[in-house]
Amino acid sequence: MNGKNEETPLVAWDFVGGLQGRNEAGKAALAKVLGENSAALGPGDMLVLAARVAADAIIFFFNPQRFWEQADVVQGIWNLRDVFKAGGQMLVLVTPPGVTLPVELQNDVMMIDEPLPSPEDLAQLVADTFESANLPAPEQEVISRAVDALVGLAAFPAEQVLAMSLSKKGLDLDRLWERKRQAVEQTPGLTVWRGGETFDQIGGCDSIKRFLAAILHGQEAPRVIVFVDEIEKAFAGTGTDMSGVKTEMTGTMLTWMQDRGADGVIFIGPAGAAKSAVAKAAGATAGIPTVAFDLSAMQSSLVGGSGERLRAALQVVDAISQGRSLWIATCNSITTLPPELRRRFTLGTFFFDLPSAGERRAIWDIYLKKWNLNGELPDDDGWTGAEIKECCRKAWRLKLSLRESAEYIVPVSRSAADQIEALRRQASGRFLSAAHPGVFTAESRQMAVAAGKRTFREAE
C-alpha cells in the first residue's frame, strides 16, 4: 500500500476514488485492463474487472460492508474465489471492527482482526510523539500515565489525541483524558461517566461498598467499571422478538463475558435506592474509568448493524480494561432477565432496600453539608436517598425550608408500595443485602425499622 513493493501489483477501490493503482506495478496492471477508460467504476463492475487483473495482484476493497447486501456485489466476491486461487491474486476486504460477513461468504473469506495497540505500542507512540514535537524525552511516570489514558484507542485516534494534548510545556493529562473520553464516546452506546462521586459521598449501603472496595483493591483488580442501567429493559424480548436482534445481542454478550472471564454484580431494588449511585461511584473510588454501556443506543435499523455495533463496543471495553473489567448492572425487576445472563454476573445479586433510619441520617448529613442547609427535618419515614437529595436540592434552589421542600416530594414507598413489597418478597432469602452482611430477609428489614424509627430532629 505504501508503494515500496514494485513487484506485486497493488490496487485499491473505494466509493469516491474508484479503482486506483497504489504502486507502479498496480498502475500498469490497471492500464492493461482499463485502457483509456475511466477508473470510476461501481463495486459490482470493479469485481467483474478484478478477474482480469494480472496474476499475483492484491486488490483492496474498502468498506465493502456498505455494498455486500447487494446481490451483484456478494456474487462478484464469491465468483473471484476460484479465479484468484488459480491466478494467485488476493482480494482484501477492509472493514471497521465488528462487521459480520454475509452467510454466502463466511466459508470462503478468512477474518483477520487488527488488534488495538498494546501498552508497549502506546508507550513507544508517546516517546515518538514527544521526539517529533522537539520536546525533551518524557519521564517514565508521564509515559505510564499517558498510556493509561490512551489504552483502548486505535493507533490513529491515539496519536491524534496525544498530539492535541501536547504543548511546549509538556503533556496536559487532564486534556488527554477528556479527549480520550470523547474518542470512546464515538462508539455508539458507550459513554464515559464524568462524575467524581465516591463511596464516602453515599450514605448507607455499607455491605456492598465494603464488597466492591475489596474487589477494586484486591488481586487482579479491574481496570474499568462497565455500568449497565436497567439491564432487564435492555434485554427485554430475548428469545421472543421476531427480528432476532435481541437474541443475537444476548448471545454475543454471553459469549464475550464467558470467553473473557468477566466478573459482574447485579443490583436490584426500588427506584432511588442508590443502585446507580453506588455503581457510578465505584470507578471514582478506585481511580478507574466508569463506562456506561447502553444497548438500546447500539441498535440499528440496518440488517446486522446492531450486532456490529455491539461487537465494536465490546472490543473497546476489552482494550480499555486489558482483559479486566467489572460489570455492574442495575435492575428493577429480575424476573424478565434471561437466567443464562444472570449466571454471567458471578459475584452475586444484591438487594437495595429503602434506607433505615440510621442510613437516612447519614444521607441527610451528606446533603445538608453539600448545600449548606440547616433547620428542622421533615418526617422522612420510607424515603429513599434520592428523595432526601431532591428535598435538599429544592430547598437550596427555591430558598425553602426543608419541611416546605418536603411538601413537593412523593416518596416511592407511597407511590409504588405494592411493587416494593413484591421486590422484598422476591429478594428475601435469595439475594445478598446491600446494607448488611449476608442474605437479605424480610425479618431483618423489620428489625432494622423497629430499631431505628424516628419522626423529627433538629439539624445541627
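The values are calculated or read from the model by the stated rules, or taken from the named source; none is laboratory data. Small disclaimer: the values here were computed from a predicted structure and weren't measured. Cβ: placed from backbone, ideal geometry, glycine included. Neighbour counts: every protein chain shown.
Quick one: in the stretch 51-69, which of the residues that are more than 16 Å from Asp14 (Cβ to Cβ) and free of Cβ contacts under 8 Å to residues at least 40 places away in the same chain is surrounded by the most Cβ atoms within 10 Å (Cβ to Cβ)? Don't jump to the end; show me each part of the working.
Kept after step one, since they are more than 16 Å from Asp14 (Cβ to Cβ), are these residues of the stretch 51-69: 51-57, 69.
Retained after the next criterion (residues that are free of Cβ contacts under 8 Å to residues at least 40 places away in the same chain): 51-52, 55.
Working: Ala51: 15, Arg52: 12, Ala55: 11.
Of everything passing the filter in the stretch 51-69, Ala51 is surrounded by the most Cβ atoms within 10 Å (Cβ to Cβ).
Considering each of Ala86, Ala28 in turn, give the residue that is touching a Gly at 6+ places or on another chain (Cβ under 8 Å), farther than 30 Å from Trp256 by Cα, surrounded by fewer than 15 Cβ atoms within 10 Å (Cβ to Cβ) and not assigned by TED's automatic domain parsing to the domain that holds Met249. If you could, list the steps in order and put the result at the bottom.
Numbers: Ala86 fails: touching a Gly at 6+ places or on another chain (Cβ under 8 Å).
Matching residue, one of Ala86, Ala28: Ala28.
Is it the case, given these coordinates, that Ala158 is in a helix (DSSP H, G or I), of a type in the set (A, V, I, L, M) and in contact (Cβ under 8 Å) with a residue 40 or more places away in the chain?
Spelling it out, Ala158 is indeed in a helix (DSSP H, G or I), of a type in the set (A, V, I, L, M) and in contact (Cβ under 8 Å) with a residue 40 or more places away in the chain.
Residue under question is Ala213, and the condition is that it be surrounded by fewer than 20 Cβ atoms within 10 Å (Cβ to Cβ) and under 30 Å from Trp371 (Cα atoms); does it hold?
On the way: surrounded by fewer than 20 Cβ atoms within 10 Å (Cβ to Cβ): yes; under 30 Å from Trp371 (Cα atoms): yes.
Yes: the conditions hold for Ala213.
Could you list, in sequence order, the residues of the stretch 389-399 that are more than 19 Å from Ile366 (Cβ to Cβ) and surrounded by 15 or more Cβ atoms within 10 Å (Cβ to Cβ)?
Looking only at the stretch 389-399, we keep the residues that are more than 19 Å from Ile366 (Cβ to Cβ), and these are 398-399.
Listed by number, the list is empty, since nothing qualifies.
Could you pull out the residue among Ala427, Ala406, Ala422, Ala417 that is outside the structural domain of Gly269 (by TED's automatic domain parsing), under 23 Å from Phe267 (Cα atoms) and in contact with a helix residue (DSSP H, G or I) (Cβ under 9 Å, 6 or more places away or on another chain)?
Working: Ala406 fails: under 23 Å from Phe267 (Cα atoms); Ala422 fails: in contact with a helix residue (DSSP H, G or I) (Cβ under 9 Å, 6 or more places away or on another chain); Ala417 fails: in contact with a helix residue (DSSP H, G or I) (Cβ under 9 Å, 6 or more places away or on another chain).
Among Ala427, Ala406, Ala422, Ala417, only Ala427 is outside the structural domain of Gly269 (by TED's automatic domain parsing), under 23 Å from Phe267 (Cα atoms) and in contact with a helix residue (DSSP H, G or I) (Cβ under 9 Å, 6 or more places away or on another chain).
Please go through the stretch 1-15 and pick out each residue that is more than 18 Å from Ala54 (Cβ to Cβ), part of a loop (DSSP other than H, G, I, E, B) and at pLDDT 90 or above. Break it down into steps so the answer makes sense when it comes.
Within the stretch 1-15, the first condition is being more than 18 Å from Ala54 (Cβ to Cβ), and the residues that meet it are 2, 4, 14-15.
Then drop every residue that is not part of a loop (DSSP other than H, G, I, E, B), which leaves 2, 4, 15.
Across the stretch 1-15, the qualifying residue is only Phe15.
Could you give me the residue pairs with C-beta distances under 6 Å whose first residue belongs to the stretch 279-302 and is closer than 23 Å to Met249 by Cα and among the polar types (S, T, N, Q), whose second residue is at pLDDT 90 or above and not in a loop (DSSP other than H, G, I, E, B) wherever it lies, and which are 6+ apart or on separate chains?
Close Cβ pairs satisfying both conditions: Thr290/Ile225; Thr290/Phe227; Thr290/Lys280; Thr290/Gly283.
Report whether or not Ala435 is assigned to a loop (DSSP other than H, G, I, E, B), within 22 Å of Thr349 (Cα to Cα), in the same structural domain as Thr384 (by TED's automatic domain parsing) and of a type in the set (A, V, I, L, M, F, W, C).
Details: assigned to a loop (DSSP other than H, G, I, E, B): yes; within 22 Å of Thr349 (Cα to Cα): yes; in the same structural domain as Thr384 (by TED's automatic domain parsing): yes; of a type in the set (A, V, I, L, M, F, W, C): yes.
Spelling it out, Ala435 is indeed assigned to a loop (DSSP other than H, G, I, E, B), within 22 Å of Thr349 (Cα to Cα), in the same structural domain as Thr384 (by TED's automatic domain parsing) and of a type in the set (A, V, I, L, M, F, W, C).
How many of the residues in the stretch 183-204 are under 18 Å from Ile320 (Cβ atoms) and either touching a Ser or Thr at 6+ places or on another chain (Cβ under 6 Å) or of a type in the set (Lys, Arg) (or both)?
3
Is it the case, given these coordinates, that Gly152 is part of a loop (DSSP other than H, G, I, E, B), among the small types (Gly, Ala, Ser) and within 19 Å of Leu125 (Cα to Cα)?
Working: part of a loop (DSSP other than H, G, I, E, B): yes; among the small types (Gly, Ala, Ser): yes; within 19 Å of Leu125 (Cα to Cα): yes.
It is true that Gly152 is part of a loop (DSSP other than H, G, I, E, B), among the small types (Gly, Ala, Ser) and within 19 Å of Leu125 (Cα to Cα).
Residues in the stretch 34-45: is at least one among the polar types (S, T, N, Q) and either outside the structural domain of Val74 (by TED's automatic domain parsing) or modelled with pLDDT of 90 or more (or both)? Outline the logic, then answer.
We begin by selecting, within the stretch 34-45, every residue among the polar types (S, T, N, Q); these are 37-38.
With the extra rule that they be either outside the structural domain of Val74 (by TED's automatic domain parsing) or modelled with pLDDT of 90 or more (or both), the set shrinks to none.
Scanning the stretch 34-45, I find no residue that is among the polar types (S, T, N, Q) and either outside the structural domain of Val74 (by TED's automatic domain parsing) or modelled with pLDDT of 90 or more (or both), so the answer is no.
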